[in-house]
Every structure is written in C-alpha cells, then in structure tokens.
Amino acid sequence: MTRWLPFPGLTLLLLLLWLLLVGSVAPGTILLGAVAAVVSSWVWLRLELPAVRFRRPLAALRLSLVVLQEIIRSNNAVARIILYRGTRNRRSGFVRIPLTTRNPYNLAALACIITATPGTLWVEYDSADNTMLLHVLDLIDEEEWVRIIKTRYEMRLMEIFG
Amino acid sequence: MSHAADLPAWVAVITALFVLLGAALAMIGSFGLLRLGSFYERMHAPTLGTTLGIGSVLIASMLCFSVLQTRFVLHELLIAVFMVITTPITLTLLARAALYRDRIEGRDEVPLPPPPPECREDAAREAGSDGDSPRSITPSRQPDDRS
C-alpha cells in the first residue's frame, strides 16, 4: 500500500484536480485521473521532499483572508502610485529581513504571498544567513517592513507548517 | 452558440463591472510598466493584473457561467491557484537575474550580497552563536567584498 501510494493525501488532491479540470465524474475519467495521480506521486518520491506537516486549517484560512485583504489594499495603493505619482515623492528600495523559520514550505509560501502582493517583491533568499531581500515600491520605514513580514506572515505560517 | 440573451440584467451588470475592473487593473499595470523608473520598480506593476485583475475577471466568469449553468464553475478557482503559484516563480527569477547583473556591474543602488561564508563563520564565532539566531537587518560587510 505505502509502496504504491507513498502520498495518499496528495494523490487524492491530484485526482480531484484532474476531475475539476476535465469537469466530469465519468468512470473513465476517474480511472485515467487515478492512474495519472498515482504515477505522478512516484515522481514526488524521487524528489525526496522534506516531510510536510499541515496543521491548523483554520489558521490557514485566516491567513488567506489577511492576504486577500492585503492584495486588495495594495492593488489600490499601487494603482494610485502608477496613475498619480509616478516616480515623484516616492522612494523605492531594498530591505533585508532576518527570518526565523528555515522550513522550505514556509519560505515558499512566504515568497508566494510577498510576490503576489503588489508593491512588495521577494528578490533573494540567503540560506547561510537565513535572511531575505525584499524590494518595496513605496518605502517609508524599513523597520516597519521587518515587523510586518515577521508578525503578519511569518508567525502565522510557522503556526501552520511548523 | 451564445447564451448572452438568457442572462438576467443584474447578473449582466455585475459581470460587466468585474470584467471592466479586471481590464482596468491590467491596463494600469501595463501602463506602470512603461511609467515607473527602475527595473525593480517596473516589476511591481504587472502584479496588479495577475492578482486582483485576473481575480475580477474570474469572478465575472464564475458568476456568468454559473447563472447560465453551462458548466462547472470551479474551473476558475484552479486558474487562480495556478496564477498564485506560478507568477512568483517568474518574478523572483527575473528579480534575481537583474540583481546578479547589477552586482556584476557594480551599481550603487543595489544592496551587496551577504558576506561570504568564511567571514560569516568568523563573525559567528566572535558572537558565540551557532549562526541560527536571527541577525541584524544590515549585517556587517567587508567594504571590499564586491570587486
């Protein structure tokens, strides 16, 4: 069982994805999707991924709401900068942010969140130093950004993935 | 085959508003790509289109087609998930390439890379830490470590 299905959860997720994409639950579709899901789960075995612990789905839901709200707010802010201010009265710049977590899932999720939010960009991660380089379009206070990234996102992610 | 005539007026209005909002955000993003100053600033502009822009279009699509009931509405959620996962990879790759180029060319506005490992080990030994502890925001750097 474990040899044929090394990642039962992820395999099921892939099958669901397949059914959603095809948009049908005919027996043939399910069979083909199941074969595709099982075969691709063997690929994951070859990748030797670190174990993922996904805890506290409620915390994940809360984080997605925070991110959604932040995306809407910063879309508005960046649109205003582009339309009205251009390059006047504004300074963009880099902030190096010291991170606490080294969990690759936390880092990947943090990179997705930061880059998906307009106005901030994940530029570089240094694994030896465990710091990341953030580029901010409208940079006012560096310390503020360190605080925002750590308390708003990093702490919540560490709650979810450990 | 067009079902547009079957669409109730209020759904049509809401759908149109969301499509317009999405299109406007994509346009502002493209405009920003032209207008903003440096490469790094320009990279922020297209994210308008890839977040709320695509989101609005997807909401419009879900609303329109689920009212018309021509197909399963959850397709759009998948598109959103794939956008969220794939866009940061491209953007981060571009940003790192630009950073690498600027460091090689020795531009002043670009931050220096963190100090090389041997300097870091020395600093860690002096500080008596194992290197795991969070460091200050601006780690001490050798003034000549960029040649």
| For A:THR2, which of the numbered conditions (1) of a type in the set (Val, Ile, Thr); (2) at pLDDT 85 or above; (3) farther than 18 Å from A:ALA108 by Cα fails to hold? | (2)
| request: Read through the list (1) at the interface with chain A (Cβ under 9 Å from one of its Cβ atoms); (2) surrounded by fewer than 18 Cβ atoms within 10 Å (Cβ to Cβ); (3) in contact with an Asp or Glu (Cβ under 9 Å, 6 or more places away or on another chain), then give the number of the only condition that B:LEU77 fails. | output: (3)
| Being surrounded by 15 or more Cβ atoms within 10 Å (Cβ to Cβ), within 24 Å of A:ILE72 (Cα to Cα) and at pLDDT 85 or above, is that true of even one residue in the stretch B:97-117? | no
| remark: Note on the stretch A:3-35: residues more than 25 Å from the chain's Cα centre (by Cα), surrounded by 11 or more Cβ atoms within 10 Å (Cβ to Cβ) and among the aliphatic types (A, V, I, L, M) are A:LEU5, A:VAL22, A:ILE30, A:LEU32, A:ALA34, A:VAL35
| message | Can you find, within the stretch B:43-74, the residue that is nearest to the other protein chains (Cβ to nearest Cβ) among those that are surrounded by fewer than 17 Cβ atoms within 10 Å (Cβ to Cβ) and part of a helix (DSSP H, G or I)? | response | B:SER66
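B:PRO88: within 13 Å of chain A (Cβ to nearest Cβ), modelled with pLDDT under 90 and touching a Cys at 6+ places or on another chain (Cβ under 6 Å), yes or no? Explain how you work it out, then say what you get.
Values: within 13 Å of chain A (Cβ to nearest Cβ): yes; modelled with pLDDT under 90: yes; touching a Cys at 6+ places or on another chain (Cβ under 6 Å): yes.
Yes; evaluated as a whole, the condition is true for this residue.
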| request: Specify which of the listed residues (A:SER74, A:SER24, A:SER64) is touching a Phe, Trp or Tyr at 6+ places or on another chain (Cβ under 9 Å) and not hydrophobic (A, V, I, L, M, F, W, C). | output: A:SER24
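Scanning the stretch B:91-115 for residues that are within 9 Å of another protein chain (Cβ to nearest Cβ) and outside any helix (DSSP H, G or I), which turns out nearest to A:ASP129 (Cα to Cα)?
B:PRO114
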| query | Can you spot a residue in the stretch B:27-42 that is acidic (Asp, Glu), within 11 Å of another protein chain (Cβ to nearest Cβ) and more than 24 Å from A:SER24 (Cα to Cα)? | reply | yes
| query | Restricting the stretch A:67-99 to residues that are of a type in the set (S, T, N, Q), surrounded by 14 or more Cβ atoms within 10 Å (Cβ to Cβ) and at the interface with another protein chain (Cβ under 7 Å from one of its Cβ atoms), which is nearest to B:THR87 (Cα to Cα)? | reply | A:ASN75
| field | Given (1) free of Cβ contacts under 8 Å to residues at least 12 places away in the same chain; (2) surrounded by fewer than 19 Cβ atoms within 10 Å (Cβ to Cβ), index of the condition A:TYR125 fails | value | (1)
| task | At least 1 residues that are assigned by TED's automatic domain parsing to the domain that holds A:THR131 and touching a residue at least 60 places away in the same chain (Cβ under 8 Å) in each: list the helices (runs of 4 or more DSSP H) lying fully within the stretch A:11-118 that qualify. | result | A:57-80
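The values are calculated or read from the model by the stated rules, or taken from the named source; none is laboratory data. For clarity, every value in this text was computed on a predicted model and none was experimentally measured. Cβ sites come from the backbone with ideal geometry, for glycine too, and all protein chains shown count toward neighbours.
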